[in-house]
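Below: the structure, in structure tokens.
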Amino acid sequence: MNPQQQGGQALVWGMLLAAVASVVLVRYFATGQMVAAKARQLHGLDAAAYSGALVQARALNMLALLNRSQVGHQVAMAHLVTLGTWAFLGGAESRQATTGNPPVYLIAMLFGAGHGSAYAAAKSANGLESLAQTPGKLALAHTEHDRLVHHVLGAVQHDIVNTLPQARYQAMQQVLRRHYHGESSSLEVEHDDWPGSIQLHAGGRHLASFVRNVAGRYDFLSPRNHTARNPWPVQARCPARRHELRRRGQTQLDQTGVWQSIDTQSFHALRSNRWIGCYFREYAMGWGWIPTAREQRTDSPHVENPPDDFSSQDFWRWVQEATDWDIFSGDANPLANSRAVAARPHWRSLGLPDYFDVAEGASAAPMGFSLRLRRAGPEGITITTRSAAETFFARPGERADRSFERANLFHPFWQARLRSSDRALSGAEAP
């Protein structure tokens, strides 16, 4: 056999081998393109998921800041109500000191120069109550705080909660558009913890105790109770008892979630007669009571329409006939309370606002969501990728009391992260 006649057969096998190698290289190239497209799609989806979780975390932190602002406005309203009763108290004391009922020198002689000079200084407060009358500056400021609480901050909170899923989705779509240079993508939210994670609470039932605790940190809002007594005996029938100068005042958030404040001061002169023995004859010096709801009542002893003076009837007889006051061992200022009630202004408040907080059953787990993205890959093959992200509550440091703090919407400590344990990647699917 001629060797030269068999040389063409090797060329055929070589060409076949080259063709197979070309096909393999093409398939490897296509596979590489598919892997690269899937990796790019996964990176883009992870970025979108994290961006969505970041939008959600910012929304939760905004809700927390709004809740704190709501509490701050309530404390401001408590200060305004208290300033209002102080203004009424100052105006009333100015009138009483000017007319000498009781005289300034008597207060100074019985209870010391400090009380006397303070009573005399009240003369300069003439007309101060106009600030707290309706519509005075304090009343208008209180109304503006109440409007902000219910009609501005409350509306913003509802908008955040209602529009968060849409805002989050738009943010994720924007990330994908920039990732793919404006090309559209089929993004689907497969699972979402947001519905039911945030709950609206009635402020009057749930927020009152918290607001009281915050207000209790301010000395100006603390009870204002002080009693001064003269040092020497006054009545032979009761030598251990003394004249008293009683300062009473308190600022309260009642059960309906509205503030009220009362401030009074009275001189209680120790008197005695053969019919009832020793008793206290009250001389009201200053008074002021501001409710912020029409149905509010004060728990301080009082009557609705006290007489202007007692020139036609003894004080003790009127008390026995018209009231149930304790003028023997009581420690209140009932006559000053009555004058405060009679002169009360008409402030109005809608009470504590409703607020959003983490639902009871959702406070232990992060709020997550999972995504699925479908895009056309090389050779028309659809690539499907999945990713997940979540927002979680984490304090930046340990609490001062070292107690565990569950997730809440009063501290803006919400953060975002990818949730790799929930990520599931599917393979390529034929169109």
* Structure fact -> Using eta = 0.890 mPa s and T = 25 °C, Stokes-Einstein with Kirkwood Rh from Cα pairs puts D for the range 274-354, in µm² s⁻¹, at 171 µm²/s
* Asked: For the chain, what is the mean residue ellipticity at 222 nm derived from helices alone (per DSSP H run of n ≥ 4: -39500 (n - 2.57); sum divided by total residues; nearest 500 deg cm²/dmol)?
  -> -14000 deg cm²/dmol
* **Other-chain or far-sequence residues with amide H under 5 Å of GLN250's (modelled H)** => ARG224, ILE262
* Structure fact -> The answer for the per residue Cα convex hull volume of the range 89-135, in Å³, is 58 Å³
* What is the percent of Cα-Cα separations in the range 237-301 that go past 13 Å? -> 69 percent
* To do: Could you check how many percent of all C-alpha pairs in the range 62-127 are farther apart than 20 Å?
  => 47 percent
* Asked: Using r as the Cβ-Cβ distance of VAL152 and ALA359, and R0 as 35 Å, what FRET efficiency do you calculate, to the nearest 0.05?
  -> 0.90
* **Span-rule helices in the chain, defined as complete DSSP H runs reaching 24 Å or more along the axis (Cα) with Kyte mean at least -1.0** => 7-99, 154-179
* To do: Work out which trypsin sites (Lys or Arg not before Pro) in the chain are exposed loop sites (DSSP not H, G, I, E or B, at most 14 other Cβ within 10 Å) and give the longest gap free of them.
  => 1-216
* To do: With only alpha-carbon atoms counted, please give the Rg and Dmax of the range 58-170, in Å.
  => 22.8, 76
* Taking the chain as the region of interest, what is the percent of Cα-Cα pairs per 10 angstrom bin, listed from the shortest bin to the one with the maximum distance? -> 4, 16, 17, 14, 11, 10, 8, 6, 5, 3, 2, 1, 1, 1, 0, 0
* **Å³ per residue enclosed by the Cα convex hull of the range 144-278** => 189 Å³
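Only the coordinates and a few stated rules stand behind these numbers; no lab work does. All of these numbers come straight from a predicted model, not from anything done at the bench. As a convention, Cβ positions derive from the backbone with ideal geometry for all residues, glycine included, and neighbour counts pool all protein chains shown.
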